[in-house]
Amino acid sequence: MKALWYAKWLVKAVTPPILLLGVKWIAIGLGLRKREHGQAPAGDPSMQEEPEWEYVPDGWQREAKGWNVDAVARAYRDKWPAYLAAIKAPSPLGVHHETAEVARDDAGAHNMLVSFAYVLALASRRRDGLSVLDWGGGLGQYFALARSVVPGLELEYHVRETPAVVAQGREVVPDVIFHEGVDCFDRSYDLVVASSSLQYEQDWQSLLEQLAGAADRYLYTARIPVALRAGSFVVLQRAHAYGYDTEYLGWVLNRDELLEAAGLPLAREFLLDARFSADGAPENPVEHRSFLFNR
Ligand SMILES: C[S@@+](CC[C@H](N)C(=O)[O-])C[C@H]1O[C@@H](n2cnc3c(N)ncnc32)[C@H](O)[C@@H]1O
């Protein structure tokens, strides 16, 4: 087995890359090899698939459909019953709602959901109830998760979302208070959450300042792509594989810039098992992290 590996390595090392590519495409054309994501179909460069992640040196000047599209809201609604069934105790929490079908038994998703459960349990210690603002909280997937992991906790749960999601959310989850404007900042909350949403705001520092200002006790900024060496930069994600017919810009935030901008003491940092690379980006690959701040 090892000898075969070395032989392959040797052939690759001495063969010009253009020849290797040609062989790969012929193999794909003959059905002997599967096409990798982002690779042009053999013999038809005009049908070249664009990569999921693209580094955008021009940043926010780039046009993109963005998040406020019916496709996202409809996908959330269609998957809602399956999501509720999947997070029901005593099933394991390896549940991901942002996949074409709701994923179960996914250890990476388990880490993500149990981290939220820990934050919620910590914030609700010695309390009967909790007020929460969830920025970019979808239909309230974390609201349903909160009910499942800390049963009996009285929740006043606010979600700020795009108009498309708010319209669906008000129909599907009437127990959540939905906001499509900044009226969510007219008051403060015990816990403020922004899970995989801070990075979609061009002026992320101002948003972070507002989120921190609205947090009476805890601020949980989760699932943020972070650069550990390079400064913050912008990427475009094509999200078709997740059932969303859209593409959007987002930041990869430099970790130190993020911690400084939060202006609150860091209580706990969380690792996630999610990485991506974008050709030409100042740092590759980048990982995702979550941060819990405590006033
Ligand atoms: C990647 S999803 C994360 C959903 C959920 N928070 C989670 O972690 O599973 C990003 C969410 O942020 C929302 N979003 C994007 N821009 C927003 C904005 N300006 N205001 C509120 N929500 C926004 C999107 O509609 C989408 O539901």
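When you scan region 258-282, how many residues do you find that are surrounded by 16 or more Cβ atoms within 10 Å (Cβ to Cβ) and out of contact with any Leu (no Cβ under 7 Å at 6 or more places or on another chain)? Residues in region 258-282 being surrounded by 16 or more Cβ atoms within 10 Å (Cβ to Cβ) and out of contact with any Leu (no Cβ under 7 Å at 6 or more places or on another chain): 8 in total.
Would a scan of region 122-133 turn up a residue that is charged (D, E, K, R), near the ligand (Cβ under 10 Å from one of its atoms) and in contact with a strand residue (DSSP E or B) (Cβ under 8 Å, 6 or more places away or on another chain)? Can you show your working first?
Initially, region 122-133 is screened for residues charged (D, E, K, R), giving 125-128.
Remaining after also requiring near the ligand (Cβ under 10 Å from one of its atoms): none.
No; the residues of region 122-133 include none that is charged (D, E, K, R), near the ligand (Cβ under 10 Å from one of its atoms) and in contact with a strand residue (DSSP E or B) (Cβ under 8 Å, 6 or more places away or on another chain).
Of the residues making up region 55-70, those that are of a type in the set (A, V, I, L, M, F, W, C) and away from the ligand (no atom under 11 Å from the Cβ) are 56, 60, 64.
Scanning region 221-248 for residues that are surrounded by fewer than 19 Cβ atoms within 10 Å (Cβ to Cβ), within 26 Å of residue 268 (Cβ to Cβ) and not aliphatic (A, V, I, L, M) yields a count of 2. Of everything listed in (1) within 11 Å of the ligand (Cβ to nearest atom); (2) free of Cβ contacts under 8 Å to residues at least 40 places away in the same chain, the single unmet condition for residue 137 is (2). Flag: residue 161 matches the condition of being in contact (Cβ under 8 Å) with a residue 12 or more places away in the chain and farther than 17 Å from residue 131 by Cβ.
In region 71-101, what residues are assigned to a loop (DSSP other than H, G, I, E, B), within 12 Å of the ligand (Cβ to nearest atom) and not aliphatic (A, V, I, L, M)? 97, 98, 99 - these are the residues of region 71-101 that are assigned to a loop (DSSP other than H, G, I, E, B), within 12 Å of the ligand (Cβ to nearest atom) and not aliphatic (A, V, I, L, M). Regarding residue 218, is this residue more than 17 Å from the chain's Cα centre (by Cα), aromatic (Phe, Trp, Tyr) and either assigned by TED's automatic domain parsing to the domain that holds residue 187 or surrounded by fewer than 20 Cβ atoms within 10 Å (Cβ to Cβ) (or both)? So residue 218 passes the test.
The values are calculated or read from the model by the stated rules, or taken from the named source; none is laboratory data. Small disclaimer: the values here were computed from a predicted structure and weren't measured. Neighbour counts are summed over all protein chains in view; Cβ atoms, including those assigned to glycine, are modelled from backbone coordinates with ideal geometry.
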